[in-house]
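**Q** Please find one structure pasted underneath; my questions will follow.
The values are calculated or read from the model by the stated rules, or taken from the named source; none is laboratory data. Small disclaimer: the values here were computed from a predicted structure and weren't measured. Cβ placement follows ideal geometry from the backbone for every residue including glycine, while neighbour counts extend to all protein chains displayed. Side chains are part of the model used for accessible areas, which takes the heavy atoms of the whole protein and leaves out ligands, DNA and RNA. Shrake-Rupley method; radii C 1.70, N 1.55, O 1.52, S 1.80 Å.
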Amino acid sequence: MVQATPFLLVLSLALVAPSLSSRKCVLTGKWINDLGSNMTIGALNGKGDFFGTYHTAVTATTNEIRVSALQGSQHLTNQKRQPTFGFTVNWSFS
């Protein structure tokens with residue numbers, strides 16, 4: 001069942017995405033994943049760049065986990081039909 005979860009997520013996104021394409025993708029806010037890691041994303045600037053923080057709940061080191069800086073970019077809404085974004089985390093503890 002666990003291996004079916006990613007497939008079902010991709011399938012549901014493929015089915016729902018066409019109806020959402022005209023909607024604006026709002027990244028601002030707090031996001032939490034299944035493992036308990038969370039990220040907080042601030043507002044996008046005029047270029048589509050955003051900044052925030054990432055606090056992981058998972059580590060392979062004995063170092064204390066600390067909040068790390070996050071930086072990303074979202075394409076401008078008039079360039080593509082589907083919203084896309086990417087981000088990177090600058091780990092502050094490893």
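**Q** Give, as a single signed number, the net charge of other residues whose beta carbon lies under 15 Å from the beta carbon of S37, with Lys and Arg counted +1 and Asp and Glu -1.
**A** Local net charge: +1.
**Q** What list of ³J(HN,Hα) values in whole Hz, one per residue of the stretch 45-58 in order, does the Karplus curve 6.51 cos²θ - 1.76 cosθ + 1.60 (θ = phi - 60°) give from phi, with Gly and Pro shown as x?
**A** Calculated HN-Hα couplings, in order: 8, x, 8, x, 7, 9, 9, x, 9, 10, 10, 7, 9, 10 Hz.
**Q** Would you kindly find the accessible area of T61, with a 1.4 Å probe and non-protein molecules such as ligands, DNA and RNA excluded, rounding to the nearest 10 Å²?
**A** Near enough 50 Å² of accessible area.
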